[in-house]
Amino acid sequence: MKFGTYVFEPKKAEGFDFHLFRVKPEVGRRLPPVPDMYSNVAIFGDNVTARNHPDWISQSPLGPAWRTNDQFNLRWDVLCATQPEHRAEQLDYIEDVSKRSPGVWLNSIHFADHGHCTCPRCNELWKKSGLSWFEWRKKEVTDYIAQIRERVKNELVIGLLPDPVNSYERFGIDFDALAPYADAFNVVMFSKSYATPWYWEMLCRAFKKLLKKPVYVSFYVFGPGDDPREVPSPSELITLSVRAGRTGIDGILYLADKASQIYDFQKAVVDKVELRQRLRTYGCQEVLDFFASWEKIVG
Ligand SMILES: [Zn+2]
């Protein structure tokens, strides 16, 4: 297994195999990539572009994909996945980012959710395609990823939302169709509580079974602007990591706003000696050895 940080600033916490920097998260702001951190780019979830081009927002029978639309679980504004100017601009942007970092990890590569997108352009494209609605959406998503693959000469990792069953119907995502273009997949499993690790362990097993490329999962440690009383406890994250690790996944990333919050997490993990002892019978010594390696970093 490999272990990474997943951070909003270009700063590396010690004690990890690699680092993923959010050069363009879904809020849409952009920061320059750095040569020794992978770059994370959200494509269609993009608040800045949605604000500048409100007519590019994805449409559906349940309303547009503004983050205020409670019909969907949208945390940000999502653009129409066939908007040609945005697609072209993002292709150039992703190519540029890939040249200035070791590789690109993509998020938000897909349609906003079920029923999207019903804008006039999408309706026309769909009808012209002669395909079923779902197959047309899959083709749009897959073809765009193929174009990105041509531009990115180094590592390309595709981010997925944690729905192993309905991603095709909801987002136009076909895991097998995307696999040839991906060096790996990253399933984001963000939550402010991991009180019931059983569910997350089940999701890890499901994705490991389904995906035909290495599977990373990303866990939530501390997000921008979070109240420290409302983030997952270190104990939850330790237990979760061990239980995810024993499913055979290939790596875990830990999301934090800042590298200093990763360091605080490492300190807390090292302090939980008794819990780490107790988890030795759980069947994932690799994660426990990784945590133990932090003893010399925070000591
Ligand atoms: Zn559309």
(request) Name the most mobile residue of 104, 273, 217, meaning the one with the largest mean-square fluctuation, in a Gaussian network model of the chain with Cα contacts below 10 Å. (result) 273
(request) Tell me which residues come under 5 Å, amide H to amide H, from residue 40 once H is placed; ignore anything under 5 positions away on its chain. (result) 21, 22, 23, 24, 105
(request) Any chance you could list P(r) for the range 199-273, counting all Cα-Cα pairs in 5 angstrom bins from zero, rounded to whole %? (result) 3, 15, 25, 22, 17, 12, 5, 1
(request) Step through the table entries 139/212; 11/272; 209/272; 2/209, compare each Cα-Cα distance with 21 Å, and write down the pairs that go over it. (result) 11/272; 209/272
(request) Quick one: which residues, 5 or more positions from residue 233 or on another chain, have an amide H under 5 Å from its amide H? H modelled 1.01 Å from N in the peptide plane, none for Pro or chain starts. (result) 194
(message) Per 0.36 nm of contour for each residue apart, how much would the distance between residue 227 and residue 95 grow if the chain were fully extended, relative to their Cα-Cα spacing?
(response) 43.9 nm
(message) Can you work out the Karplus-derived ³J(HN,Hα) for every residue in the range 177-183? Use 6.51 cos²θ - 1.76 cosθ + 1.60 with θ = phi - 60°, whole Hz, and x for glycine or proline.
(response) 5, 7, 3, x, 8, 9, 6
(message) If the elastic network links every pair of Cα atoms under 10 Å, which of 58, 108, 132 fluctuates the most in the Gaussian network model of the chain?
(response) 132
(request) Enumerate the residues in the range 41-82 having an amide nitrogen under 20 Å from the point lying 7 Å beyond the Cα of residue 206 toward its Cβ. (result) 72-75
(message) I'd like the distance between the alpha-carbon centres of the range 162-189 and the range 241-299, rounded to an integer number of Å.
(response) 27 Å
(request) List every DSSP H helix in the chain whose Cα atoms extend 15 Å or more along the helix's own long axis and whose mean Kyte-Doolittle hydropathy is at least 0.0. (result) 234-245
(request) Please list, in chain and number order, the residues 5+ apart from residue 253 or on another chain whose amide H is under 5 Å from its amide H, with Hs placed from the backbone. (result) 4, 217, 218, 219
(request) Select from 181, 282, 254 the residue whose mean-square fluctuation is largest in a Gaussian network model of the chain (Cα-Cα springs shorter than 10 Å). (result) 282
(message) Considering the Cα positions of the range 2-261, please state its Rg to one decimal place and its Dmax as a whole number of Å.
(response) 17.7, 53
(request) Using 0.36 nm per residue of separation minus the Cα-Cα distance, give me the extension gain between residue 268 and residue 62 in nm, one decimal. (result) 69.8 nm
(message) Given Cβ point charges of +1 (Lys, Arg) and -1 (Asp, Glu) and nothing else, what value in debye, to the nearest 20, does the dipole of the chain about its Cα centre take?
(response) 360 debye
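Can you give me the relative contact order of the chain as a percent, contacts being Cα pairs under 8 Å and 6 or more apart?
Details: 582 pairs, mean separation 51.9, N = 299.
Normalised by residue count, the contact order of the chain is 17 percent.
Every number here is computed from the coordinates shown, using simple stated rules; none is lab data. Model, not experiment: these values are computed from the prediction. Neighbour counts are summed over all protein chains in view; Cβ atoms, including those assigned to glycine, are modelled from backbone coordinates with ideal geometry.
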